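Nothing in this text is a laboratory measurement; each read-out follows from the coordinates by a stated rule. All figures in this text were calculated on a predicted structure; none of them were measured in a lab. All Cβ positions, even for glycine, are placed from backbone atoms using ideal geometry, and neighbour counts span all protein chains on display.
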Amino acid sequence: MTCSVHVASPLRDYTHGAAVVSAEGGTLAEVLADLERRFPGMRFRMLDEQQRIRQHIRIFVAAREAHDLAQPVAPRDSVHLICALTGG
């Protein structure tokens, strides 16, 4: 199943500047694995060593925030990768 992934600007170095890419997968975990296969290093920026979504990352599937990598992704869903601004 193919979905469109909207990539936040801090992650676009991995996608060679592309703001939107396509990915395959029936779950969020599968979509992120497909992105990692095509854009090495990207997954680590979004997930920690325990395979949890990092605190400064928000991922939305079909306009709903995903809290779990088992979140289903339907064909033609949009996935949005959002990076929170941090600093001090």
Amide H neighbours of D77 at under 5 Å, excluding residues fewer than 5 places away on the same chain, with H built from the backbone geometry, are S4
Most fluctuating of H16, H67, H56 in the GNM of the chain (C-alpha, under 10 Å) is H16
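Around F39, under 11 Å between beta carbons, what's the net of Lys plus Arg minus Asp minus Glu among the other residues? All intermediate terms of the calculation are to be shown ahead of the outcome.
Numbers: positive: R12, R37, R38, R43, R45; negative: D13, D34, E36.
Cβ neighbours under 11 Å give a net charge of +2.
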Listed residues V20, V73, V31; largest mean-square fluctuation, Gaussian network over the chain with Cα springs below 10 Å, found at V20
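With each run of n ≥ 4 DSSP H residues scored as -39500 (n - 2.57), what mean residue ellipticity at 222 nm is computed for the chain after dividing by its residue count and rounding to the nearest 500 deg cm²/dmol? Walk me through the intermediate numbers first.
Values: 2 runs with 16 residues, N = 88.
So the calculated ellipticity at 222 nm is -5000 deg cm²/dmol.
Would you mind counting up the charge near V7? Only other residues with Cβ under 14 Å from its Cβ, with Lys and Arg at +1 and Asp and Glu at -1. Don't skip to the end; give the middle numbers.
Numbers: positive: R12, R38, R43, R45, R58; negative: D13, D34, E36.
Net of charged neighbours comes to +2.
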For region 12-21, Karplus-derived ³J(HN,Hα) couplings (6.51, -1.76, 1.60; θ = phi - 60°; whole Hz; x for glycine and proline) come out as 6, 4, 6, 9, 6, x, 6, 7, 9, 10
Percent of all Cα-Cα pairs per 5 Å bin for region 2-83, counting from 0 up to the last occupied bin, reads 3, 17, 31, 31, 16, 2
Amide H contacts under 5 Å for A8, restricted to residues at least 5 apart in sequence or on another chain and with H modeled in the peptide plane, are L81
